[in-house]
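Scroll down for the structure; my scribbles are underneath it.
The values are calculated or read from the model by the stated rules, or taken from the named source; none is laboratory data. Since the structure is predicted, the reported quantities are computational estimates derived from the model, not experimental observations. Note that each Cβ is placed from the backbone with ideal geometry, even for glycine, and that neighbours are counted across all protein chains shown.
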Amino acid sequence: MEALRQLLGVDIPVIQAPMAGVQDAELAAAISNAGGLGSLPCAMLDAVALEAELQRLARLTDKPFNVNFFCHEPPAVAARQAGQWLQCLSAYFHELDLEPPGESPVVSRQPFGDESLAVLERFKPAVASFHFGLPRPSHLDRLKSWGTTVLASATTVDEARWLADHGADAVIAQGLEAGGHRGSFLTEDMSTQTGTMALVPRVCAAVSIPVIAAGGIASPAGVAAVLTLGAAGVQIGTAFLLCPEAKTGALHRKALTSESANHTALTNVFTGRPARSIVNRLVRELGPMSSEATAFPSAAGPVALLRAAAEKKGRDDFTPLWSGQNTLGCRELPAAELLGILASQLPSRHAGTPPDQH
Ligand SMILES: Cc1cc2nc3c(=O)[nH]c(=O)nc-3n(C[C@H](O)[C@H](O)[C@H](O)COP(=O)(O)O)c2cc1C
């Protein structure tokens, strides 16, 4: 745990999971200022927005923070596939009195590349984390040359080994309970995915870099449990979704606090990649996994139009209600307070250290 604290430059080895679409610099700063590691999700920011958000974050905190990016291959989606996906959704466009979009896919999430790297160079963030693999070696070398610590998600033992062998400084073991996208990058076979309790000890046995546990952790006891299994720290997302600093929409907040939160599924109908969401109308009617959904992230384009129209009518039928399986920790508390509760069973920084070494 101490090694991870030093690697991240934090007092509390709890990382607020980056959550694209539901948070910005405000949540990240609140967590970093409280001694944890706040994260800025950057996958949906172009270079101009990234620069603006990093300037804001740098104004809000002088503590270390994490910037998070995706490393997917941009897909080549044939017009025929895009047309089939639109056909699947056509009844919904009709129902909402909307004109279906053209068949060229709208790209909502760009992989990490030269432009983002150039912006980061001006800020030299303490930590950068990656979902769906790692950036190309030259980008990774540039990041590391500024002293940025590199984290990446693994959903299997093979992925953890690959990340350790390719330059990650620590690995985030993302159990199947986790909300949002699976970080998988070596396999599309979802039968390889295991829960946090089974994944963390196996990843710890397989790699010699620190392991950060993620997925279903939502209480002080949950944090203590994964540390007992060998994790050096934790990454927690879902529990922070109701914090006032998060930008979680009203319909999403309502779903998280309702009975619906007891039923989540891995679904590709929102973006084209398996991600955990509360089951709503779109997931029920077309999913959870649809062979018609076009490759990530292109499936998201038309669904976003349906979402916007339905939300105006107060309906969450097409809203990605990202959530982990364990929503018990979701509390409408300031993020710093919630972080304090989650970390309350962690040994204090100097516990067990002889006085002369303080
Ligand atoms: C709303 C939401 C959005 C997410 N977006 C991202 C993201 O942009 N980047 C990323 O690396 N992980 C993302 N994740 C996954 C988290 O990194 C993490 O694996 C997960 O939150 C841990 O499980 P938990 O939600 O049960 O705490 C997201 C999770 C949620 C709940």
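Considering Gly183, Gly167, Gly179, which residue is in the same structural domain as Arg5 (by TED's automatic domain parsing), among the small types (Gly, Ala, Ser) and more than 9 Å from the ligand (Cβ to nearest atom)?
Gly167
Name the single residue that is nearest to the chain's Cα centre (by Cα) among those in the range 31-85 being of a type in the set (A, V, I, L, M) and assigned to a loop (DSSP other than H, G, I, E, B).
Out of the qualifying residues, it is Ala43.
With respect to Gly133, determine if the residue is within 13 Å of the ligand (Cβ to nearest atom), among the small types (Gly, Ala, Ser) and at positive phi.
When the stated conditions are applied, Gly133 passes them.
Could you tell me which residue of the range 48-84 is nearest to Leu27 (Cα to Cα), considering only residues that are among the hydrophobic types (A, V, I, L, M, F, W, C) and surrounded by fewer than 16 Cβ atoms within 10 Å (Cβ to Cβ)?
Filtering the range 48-84 for residues that are among the hydrophobic types (A, V, I, L, M, F, W, C) and surrounded by fewer than 16 Cβ atoms within 10 Å (Cβ to Cβ), the one nearest to Leu27 (Cα to Cα) comes out as Ala58.
Is there any pair with a first residue in the range 261-288 that is within 16 Å of the ligand (Cβ to nearest atom) and a second that is among the basic types (Lys, Arg) whose Cβ atoms are under 6 Å apart and which are 6 or more apart or on different chains, and what are they?
Thr264/Arg276; Leu266/Arg276; Pro274/Arg182
Would you check if there is a residue in the range 308-320 being under 30 Å from Leu86 (Cβ atoms), in contact with a strand residue (DSSP E or B) (Cβ under 7 Å, 6 or more places away or on another chain) and within 14 Å of the ligand (Cβ to nearest atom)?
Within the range 308-320, one or more residues are under 30 Å from Leu86 (Cβ atoms), in contact with a strand residue (DSSP E or B) (Cβ under 7 Å, 6 or more places away or on another chain) and within 14 Å of the ligand (Cβ to nearest atom).
With the structure loaded, tell me whether Val10 is over 19 Å from the mean Cα position of the chain (by Cα), at pLDDT 95 or above and β-branched (Val, Ile, Thr) or whether it fails that test.
Spelling it out, Val10 is indeed over 19 Å from the mean Cα position of the chain (by Cα), at pLDDT 95 or above and β-branched (Val, Ile, Thr).
Just to be sure I understand the filter: pairs with C-beta atoms under 8 Å, separated by 6 or more residues or on different chains, first member in the range 130-149 and over 18 Å from Phe70 (Cβ atoms), second member part of a strand (DSSP E or B) and within 16 Å of the ligand (Cβ to nearest atom). Which pairs pass?
Filtered contacts from the range 130-149: Lys144/Val150; Thr149/Val127; Thr149/Ala128; Thr149/Ala170.
Out of the residues in the range 249-282 that are under 18 Å from the mean Cα position of the chain (by Cα) and among the basic types (Lys, Arg), which is nearest to Glu177 (Cα to Cα)?
Result: Arg276.
Matching residues to (1) under 28 Å from Pro347 (Cβ atoms); (2) modelled with pLDDT of 95 or more; (3) out of contact with any helix residue (DSSP H, G or I) (no Cβ under 7 Å at 6 or more places or on another chain); (4) within 16 Å of the ligand (Cβ to nearest atom):
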{"site": "Leu27", "(1), (2), (3), (4)": "yes, yes, no, yes"}
{"site": "Leu37", "(1), (2), (3), (4)": "yes, yes, no, yes"}
{"site": "Asn68", "(1), (2), (3), (4)": "yes, yes, yes, yes"}
{"site": "Gly83", "(1), (2), (3), (4)": "no, no, yes, no"}
{"site": "His94", "(1), (2), (3), (4)": "no, yes, yes, no"}
{"site": "Arg109", "(1), (2), (3), (4)": "no, no, yes, yes"}
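Before we move on, is Thr196 of a type outside the set (A, V, I, L, M), touching a helix residue (DSSP H, G or I) at 6+ places or on another chain (Cβ under 7 Å) and within 13 Å of the ligand (Cβ to nearest atom)?
Spelling it out, Thr196 is indeed of a type outside the set (A, V, I, L, M), touching a helix residue (DSSP H, G or I) at 6+ places or on another chain (Cβ under 7 Å) and within 13 Å of the ligand (Cβ to nearest atom).
Show the residue pairs that are 6+ apart or on different chains and have beta-carbon atoms under 6 Å apart, the first residue being within the range 171-196 and farther than 19 Å from Gly233 by Cα, the second being among the charged types (D, E, K, R) and assigned to a loop (DSSP other than H, G, I, E, B).
Qualifying pairs under 6 Å: His181/Arg273.
Hey, among the residues in the range 221-244 that are away from the ligand (no atom under 14 Å from the Cβ) and surrounded by fewer than 21 Cβ atoms within 10 Å (Cβ to Cβ), which one's nearest to Ala20 (Cα to Cα)?
First, the residues of the range 221-244 that are away from the ligand (no atom under 14 Å from the Cβ): 221, 224, 227-230, 232, 244.
After this cut, where a residue has to be surrounded by fewer than 21 Cβ atoms within 10 Å (Cβ to Cβ) as well, the list is 221, 224, 227-230, 244.
Working: Ala221: 27, Ala224: 27, Leu227: 27, Thr228: 30, Leu229: 29, Gly230: 28, Pro244: 16 Å.
Step by step, filter the range 221-244, then rank; the result is Pro244.
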